[in-house]
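To start, the structure itself, in structure tokens.
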Amino acid sequence: MATTTNKQQFLNQVFTQLKKKYDRTPEPVARPVLEHLIYAICREGTTSEQADIAFRKLKEGFFDWNEVRVSSETEIEEAMANLPNRSEKALQLIKILQEIFELTFSFDMEDLDKKGLKVASKQLSRYQALKDSDFVIAWVIQHGLGGHAIPLDRPALRVLSRLGLVEAEPESIEAARSSLENVIPKTRGAAFTEMLSHLALEICVETAPQCGSCPLKSDCPTGRAQVETQMPPANKSGRLKSR
């Protein structure tokens, strides 16, 4: 586990190496707060490219968000067909739209922007559909309300755990996120999330990670250990054994 004193320097190294491979700094997208929330549900556990496809299908395939609310899970799943865990996402989307509608009889969430980030975060966390969705709440804070947040999903936590930046099984995703927000500046937050997602889904996969091709292999304890175990054994003179 990286100490507090060297975490800043280590994260700077990680950011620099990721930028060399991915160099993705997403442009801000102007959306209503509700749509940032819906997009975040699509985005969790995948990349922006995949979330863009599903979000566009939802907007183009239904008359409005109320139609999404009253549609069947199967219909929503079809629009989210390219996403992982689409069944859970479809159910979560219907539930959050229902909660918001029952509370306000509308889908207007723009008042969150006037309440301050702490109050807005607490209000979002009160929705039952977002009870276990710290990623979604952090995404809305970052993209919809202009606050400093680092959305972390399970793939991102896997990468950070292998790097030694968070516990393997953090007791609280919110606590893990807060520890990163203290050392990652707001200007780098969106890019860090984006690049981490691509690394998690392309190289640092759950089983059989491709450590040999990872841009962080020299900095990652897990990557170094795996690369070393794959090296041919040396003979007593220190030379590699011939085959």
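Residues in region 21-33 that are within 19 Å of G147 (Cβ to Cβ), open to solvent by 10 Å² or more (accessible area, probe 1.4 Å) and either at pLDDT 95 or above or not polar (S, T, N, Q) (or both): how many?
Total satisfying the criteria: 7.
Closer than 16 Å to I41 by Cβ, open to solvent by 50 Å² or more (accessible area, probe 1.4 Å), assigned to a helix (DSSP H, G or I) and aliphatic (A, V, I, L, M): is that true of I100 in this structure?
Considered against the rule, which asks whether it is closer than 16 Å to I41 by Cβ, open to solvent by 50 Å² or more (accessible area, probe 1.4 Å), assigned to a helix (DSSP H, G or I) and aliphatic (A, V, I, L, M), I100 comes out as no.
Quickly run through region 125-154 and pick out the residues that are open to solvent by 20 Å² or more (accessible area, probe 1.4 Å), in contact with a helix residue (DSSP H, G or I) (Cβ under 8 Å, 6 or more places away or on another chain) and closer than 14 Å to S197 by Cα.
Listed by number, the list is empty, since nothing qualifies.
Go through (1) surrounded by 14 or more Cβ atoms within 10 Å (Cβ to Cβ); (2) at pLDDT 95 or above one by one and return the number of the condition L117 breaks.
Every listed condition holds for L117 apart from (2).
Only residues that are open to solvent by 50 Å² or more (accessible area, probe 1.4 Å), closer than 19 Å to T25 by Cα and under 16 Å from the mean Cα position of the chain (by Cα): list them for region 167-187, please.
Residue satisfying the conditions is K186 alone.
What number of residues within region 121-155 are among the β-branched types (V, I, T) and in contact with a Lys or Arg (Cβ under 6 Å, 6 or more places away or on another chain)?
The qualifying residues number 1.
Which one is nearest to I100 (Cα to Cα), of the residues in region 129-158 that are of a type in the set (D, E, K, R) and assigned to a loop (DSSP other than H, G, I, E, B)?
Checking each candidate, the answer is K131.
Here's the yes/no breakdown for (1) at negative phi; (2) acidic (D, E); (3) within 13 Å of the chain's Cα centre (by Cα):
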{"residue": "P26", "(1), (2), (3)": "yes, no, no"}
{"residue": "Y39", "(1), (2), (3)": "yes, no, yes"}
{"residue": "G45", "(1), (2), (3)": "no, no, yes"}
{"residue": "Q50", "(1), (2), (3)": "yes, no, yes"}
{"residue": "R56", "(1), (2), (3)": "yes, no, no"}
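Matching residues to (1) more than 30 Å from E167 (Cβ to Cβ); (2) touching a Leu at 6+ places or on another chain (Cβ under 6 Å):
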| position | (1), (2) |
| --- | --- |
| E67 | yes, no |
| S72 | yes, no |
| A79 | yes, yes |
| E99 | yes, no |
| D108 | yes, no |
| Q123 | no, no |
| G147 | no, yes |
| R154 | no, no |
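For residues in region 193-228 being charged (D, E, K, R) and over 21 Å from S48 (Cα atoms), which is least open to solvent (accessible area, probe 1.4 Å)?
For region 193-228, the residue satisfying everything is D219.
Going by what's in this entry, would A190 be described as open to solvent by 20 Å² or more (accessible area, probe 1.4 Å) and assigned to a loop (DSSP other than H, G, I, E, B)?
So A190 fails the test.
Which one is farthest from V14 (Cα to Cα) among residues in region 156-165 that are free of Cβ contacts under 8 Å to residues at least 40 places away in the same chain and open to solvent by less than 30 Å² (accessible area, probe 1.4 Å)?
So, considering only residues that are free of Cβ contacts under 8 Å to residues at least 40 places away in the same chain and open to solvent by less than 30 Å² (accessible area, probe 1.4 Å), the one farthest from V14 (Cα to Cα) is L157.
The values are calculated or read from the model by the stated rules, or taken from the named source; none is laboratory data. This is a predicted model, so every value here is computed, not measured. Please note: Cβ atoms are built from the backbone with ideal geometry, for glycine as well, and neighbour counts cover all protein chains shown. Just the protein is used for accessible areas: all its heavy atoms, side chains included, with ligands, DNA and RNA removed. Shrake-Rupley method; radii C 1.70, N 1.55, O 1.52, S 1.80 Å.
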